[in-house]
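The values are calculated or read from the model by the stated rules, or taken from the named source; none is laboratory data. Since we're looking at a predicted model, the values are computed, not measured. As a convention, Cβ positions derive from the backbone with ideal geometry for all residues, glycine included, and neighbour counts pool all protein chains shown.
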Amino acid sequence: MQLNLKNSIAFFDLEATGTNVSTDRIVEISIVKLNPDGGQEIYTRRVNPGVPIPLEASLIHGLYDKDLKNEPHFKDLAQEVFQFIGLSDLAGFNVLKYDIPLLVEEFLRSGIDFDLDKRNLLDAQKIFHLMEKRNLSAAYKFYCGKKLENAHSAEADTLATVDVFRAQVERYLGETAMDLQGNTLGVFENDMKKIHALVNERMVDLAGRFVFNSQGQEVFNFGKHKGKTIEQALKEEPGYYEWMMKGDFPLDTKRKLTQIKLRGFNAR
């Protein structure tokens with residue numbers, strides 16, 4: 001349908017070196033601006049982030065250091081991007097939590113005060129989550145075509161979950177499952193071990209303080225050692241182990257840390 005626009009809307013998406021708004025940098029920006037007169041303008045540029053791109057990020061967006069070494073830095077494009085957006089409202093998918101904060105940070109680093117106060121901020125993901133519920137009642141209606149009576153009763157919820165799970169296995173049997181980056185995870189089969197492999201992220205500890213990198217190595221997922229292998233971090237800063245063991249971390253996290261520490265020690 002034709003959007004009722006009183007102001008231009010700049011739909012945009014960013015690719016970056018990571019997900020930390022404070023420290024990461026843009027490597028590509030694309031803006032599609034819809035104007036009230038029905039016109040459409042597109043602006044897309046690659047950006048030299050000025051810092052090495054982690055392999056984990058490159059594997060997602062396909063941009064490597066060598067691809068961007070001759071591209072301009074964001075500060076060289078900032079005025080151009082600022083003028084293209086103009087006074088447009090801002091829109092995109094998951095822009096409220098990630099793209100808008102990162103774009104504002106990059107503008108501020110470039111000496112441009114990008115004011116949001118008079119702009120409408122429109123997030124398609126937020127609308128999706130508001131209007132298409134992802135709770136058990138919605139799943140029961142979607143998969144089983146029934147209304148969940150006595151929701152939040154433990155027995156009713158459990159019986160409904162059994163029906164939903166059976167319906168999911170039947171519906172997706174033989175289909176290929178893919179993650180949000182388009183990577184193939186496997187084929188959905190009526191096999192509980194294989195379903196487990198599809199739906200469980202490769203977390204090291206249950207709290208997600210440690211994760212596996214693309215090489216299958218356990219790395220820190222928080223703090224000053226984020227992205228660094230646990231073995232490397234403990235080698236560089238042995239006291240970090242004691243700090244974590246004395247800190248307010250889950251027992252499972254401490255157990256995993258100890259296992260990795262001992263494994264490294266025994267391998268010497």
Open item on the list: I'm trying to understand the selection: among the residues of the range 111-145, which are among the basic types (Lys, Arg), at pLDDT 90 or above and assigned by TED's automatic domain parsing to the domain that holds ALA16?
Closed with: ARG119
Open item on the list: If I filter the range 155-175 for residues that are without any contact (Cβ under 8 Å) to a residue 12 or more places away in the chain, among the small types (Gly, Ala, Ser) and closer than 29 Å to ILE53 by Cβ, do I get at least one hit?
Closed with: no
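Taking the range 219-260, which residues are part of a strand (DSSP E or B) and basic (Lys, Arg)? Explain how you work it out, then say what you get.
Going residue by residue through the range 219-260, those that are part of a strand (DSSP E or B) are 219-220, 226, 229.
Across the range 219-260, the qualifying residue is only LYS226.
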Task: Criterion (in contact with a strand residue (DSSP E or B) (Cβ under 9 Å, 6 or more places away or on another chain), exposed (fewer than 14 other Cβ atoms within 10 Å of the Cβ) and hydrophobic (A, V, I, L, M, F, W, C)) met by exactly one of LEU3, LEU63 - done: LEU3
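What tally of residues in the range 66-77 results from selecting those that are surrounded by 15 or more Cβ atoms within 10 Å (Cβ to Cβ) and not hydrophobic (A, V, I, L, M, F, W, C)?
So the count comes out to 4.
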- [ ] Could you please let me know if LEU96 is within 21 Å of the chain's Cα centre (by Cα) and either outside the structural domain of THR19 (by TED's automatic domain parsing) or of a type in the set (A, V, I, L, M) (or both)?
- [x] yes
TODO: May I ask you to say which residue of VAL51, VAL81 is more than 23 Å from the chain's Cα centre (by Cα), hydrophobic (A, V, I, L, M, F, W, C) and either surrounded by 17 or more Cβ atoms within 10 Å (Cβ to Cβ) or not in a helix (DSSP H, G or I) (or both)?
DONE: VAL81
Task: Residue selected from the range 21-48 under the condition touching a Leu at 6+ places or on another chain (Cβ under 6 Å) and in a loop (DSSP other than H, G, I, E, B), by the criterion nearest to GLN2 (Cα to Cα) - done: PRO36
Task: Subset of the range 14-48 [surrounded by fewer than 16 Cβ atoms within 10 Å (Cβ to Cβ) and closer than 16 Å to PHE84 by Cα] - done: SER30, ASN35, PRO36, GLY39, GLN40, GLU41, ILE42, THR44
TODO: Filter the range 107-123 for residues that are small (Gly, Ala, Ser) and either loosely packed, with under 12 Cβ neighbours inside 10 Å or without any contact (Cβ under 8 Å) to a residue 12 or more places away in the chain (or both) and give the result.
DONE: GLY111
Task: Filter result (in a loop (DSSP other than H, G, I, E, B) and either touching a residue at least 60 places away in the same chain (Cβ under 8 Å) or touching a Phe, Trp or Tyr at 6+ places or on another chain (Cβ under 7 Å) (or both)) within the range 54-78 - done: PRO54
TODO: Spot the failing condition for LYS141; the list is (1) touching a Leu at 6+ places or on another chain (Cβ under 7 Å); (2) over 30 Å from VAL32 (Cα atoms), and only one is missed.
DONE: (1)
TODO: For GLU189, indicate whether it is assigned to a helix (DSSP H, G or I), under 30 Å from LEU136 (Cβ atoms) and either in contact with a helix residue (DSSP H, G or I) (Cβ under 9 Å, 6 or more places away or on another chain) or not basic (Lys, Arg) (or both).
DONE: no
- [ ] Please indicate, with yes or no, whether at least one residue in the range 96-110 is at pLDDT below 90, among the hydrophobic types (A, V, I, L, M, F, W, C) and touching a Lys or Arg at 6+ places or on another chain (Cβ under 8 Å).
- [x] yes
